[in-house]
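> Can you keep this structure in mind? I'll have questions shortly.
The values are calculated or read from the model by the stated rules, or taken from the named source; none is laboratory data. From a predicted model like this one, the values you see are computed outputs, not experimental measurements. FYI the Cβ positions are ideal-geometry reconstructions off the backbone, even for glycines, and counts take in every protein chain you see. With ligands, DNA and RNA removed, areas are computed over all heavy atoms of the protein, side chains included. Shrake-Rupley method; radii C 1.70, N 1.55, O 1.52, S 1.80 Å.
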Amino acid sequence: QSGDVQRAIEKANDLNPMILDQNPELYFHLQQQKLIELIREGSIDEALTFAQEELAPRGEETPAFLAELEKTMALLAFDDKGNCPVAELLDSAQRQKTASELNAAILSSQCQEKDPKLPHLLRMLVWAQSLAGAKLKFPRMDIPTASLGDPE
């Protein structure tokens, strides 16, 4: 999430070297994020070299990757990157998306669920409270404040 893609790749390989080998789309997205970070830093020459050597060959193999690469390279065409049509690539949400994809692959490789359980448990709590509230008086949990209210 910090933008240090090389470190993330190294840590993933330390955990399980097969994660990136078995998921070329994830590896491409990590490399794409690295390109975005180079563009964000203003390292234009390095970004162009990286795109030519690392990403272009993958784009030739997979048309979907080529479209994503072209979209990323469009960042270079604008001086004001914050107002360009693909500015969302520079948002922290893009970093988060890539990090989440990597985290899901790591969890999956360790035979763990990739989706967090807490949101599901909270939905179940709300459902159970509404169901029980029709028949019983009990202190309800207020989810946003994580406090118990007076029995209703």
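> Identify the residue in the stretch 14-26 that is assigned to a helix (DSSP H, G or I) and open to solvent by less than 60 Å² (accessible area, probe 1.4 Å) and, among all such residues, is farthest from Glu61 (Cα to Cα).
Ile19
Results for (1) modelled with pLDDT of 90 or more; (2) touching a helix residue (DSSP H, G or I) at 6+ places or on another chain (Cβ under 6 Å), shown as yes or no for each residue.
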| residue | (1), (2) |
| --- | --- |
| Ser43 | yes, no |
| Ala47 | yes, yes |
| Leu55 | yes, yes |
| Phe65 | yes, yes |
| Lys71 | yes, no |
| Glu101 | yes, yes |
| Gln112 | no, no |
| Pro119 | no, no |
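> Still on this model: What are the residues in the stretch 48-61 that are surrounded by 14 or more Cβ atoms within 10 Å (Cβ to Cβ) and either farther than 19 Å from Gln94 by Cβ or more than 21 Å from the chain's Cα centre (by Cα) (or both), if any?
Leu48, Phe50, Ala56
> Working only within the stretch 8-39, note down all residues that are charged (D, E, K, R) and modelled with pLDDT of 90 or more.
Listed by number, the residues that qualify are Glu25, Lys34, Glu37.
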